[in-house]
Each structure stands twice: as C-alpha cells, then as structure tokens.
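Here the structure is laid out as structure tokens; the discussion comes afterwards.
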Amino acid sequence: MPRVNDSAAQVMIRALAILLLLVGPVAVVYAIDPATLPDPKLEARYLALTHEFRCVTCQNTTIADSQVELAGQLRRQVREMLLAGKSDQEIRDYMTARYGDFILFRPRFAARTAWLWLAPGVMLIIGVIVAVRVVRQRTALVPEDDEPIEEDLRT
C-alpha cells in the first residue's frame, strides 16, 4: 500500500505545481502596478514613461516591469507628476536630475554618453576593415600556391 500513497502524493504535488504555474503569473502581473489613471491619454503617457526609465535596483528592467519597492515608488512619482500636469520632458528631467542618465534606457546624446552612441558604428567600421584586410591577404596567397590540392597518399 505505500505505493498508492506515494502516487497520490505525487499527483497532489503535480496538481499544486500546475496550479502555481497557472495562477502565479497572474498574481505577478497584478502585483506590479494595479493603479490606473482616470484619463486614457494620461494612462498611455504613464505607460510610455514607465517603460523609458530603468529600475535602479534591477538595472535591466524598466520600472514598469520591476517588482522592487523602489520601482513602485518611482511609478508612483511618475503618476503623481502626471496628475500634477507635468510634461513628459519635465518628468524625464526630474528623473535624470535625481538619478542621472543611468535611469534612461535610451540616454541622451551628450559628451558623457557619446561613446554609447558612437561605439557600435566604430566597431562596425573596424570589423569591416579587418575583414577586407584578411580577404586581401588570403587572395594574395592563392597565386603563390602551386601545390596540388590533393596529394596522392598511395605512394
């Protein structure tokens, strides 16, 4: 009879795991930001702004997607500033003044952030130059190569 109890326990564990998989994500979604704004235009601006700001704690997550308490406070701050009639640029300026350019997922082009914007292009140019040099060097070796492609190994 211990096998019957073991299988019943396994069935209960599987059922609980399936229940958690089904209900867990729904609870997380509602836990992130359940508040809504009265005006649909304000709501759209709120969603756009919260997806622009990086969570200072998580670093690779927007404040809209983060569950950290600080992200919740930042979302609340954005909501209050929108309700107070602040423009999107005023909210961005406030956040960058308080947390620096790091809070922006797309930092502004400035002297301090120029390398972020220019580095991909510079790396692409360097890669193309290296590839062209390698191809030229290898094609220069072809006329000098007078050995047969396959050697007869039977001898």
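Data table
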item	result
Number of the exception - residue 67 against (1) at pLDDT 85 or above; (2) within 21 Å of residue 101 (Cα to Cα)	(2)
Every residue from region 33-77 that is polar (S, T, N, Q), over 15 Å from the mean Cα position of the chain (by Cα) and closer than 15 Å to residue 92 by Cα	77
So residue 75, is it within 17 Å of residue 36 (Cβ to Cβ), of a type outside the set (Gly, Ala, Ser) and in the same structural domain as residue 45 (by TED's automatic domain parsing)	yes
For residue 111: the one exception among (1) on the phi > 0 side of the Ramachandran plot; (2) loosely packed, with under 10 Cβ neighbours inside 10 Å; (3) of a type in the set (Gly, Ala, Ser)	(1)
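The values are calculated or read from the model by the stated rules, or taken from the named source; none is laboratory data. Values in this document were obtained by computation on a predicted structure and should not be read as measured data. Reconstructed Cβ throughout: ideal geometry from the backbone, glycine too, with neighbour counts over all protein chains shown.
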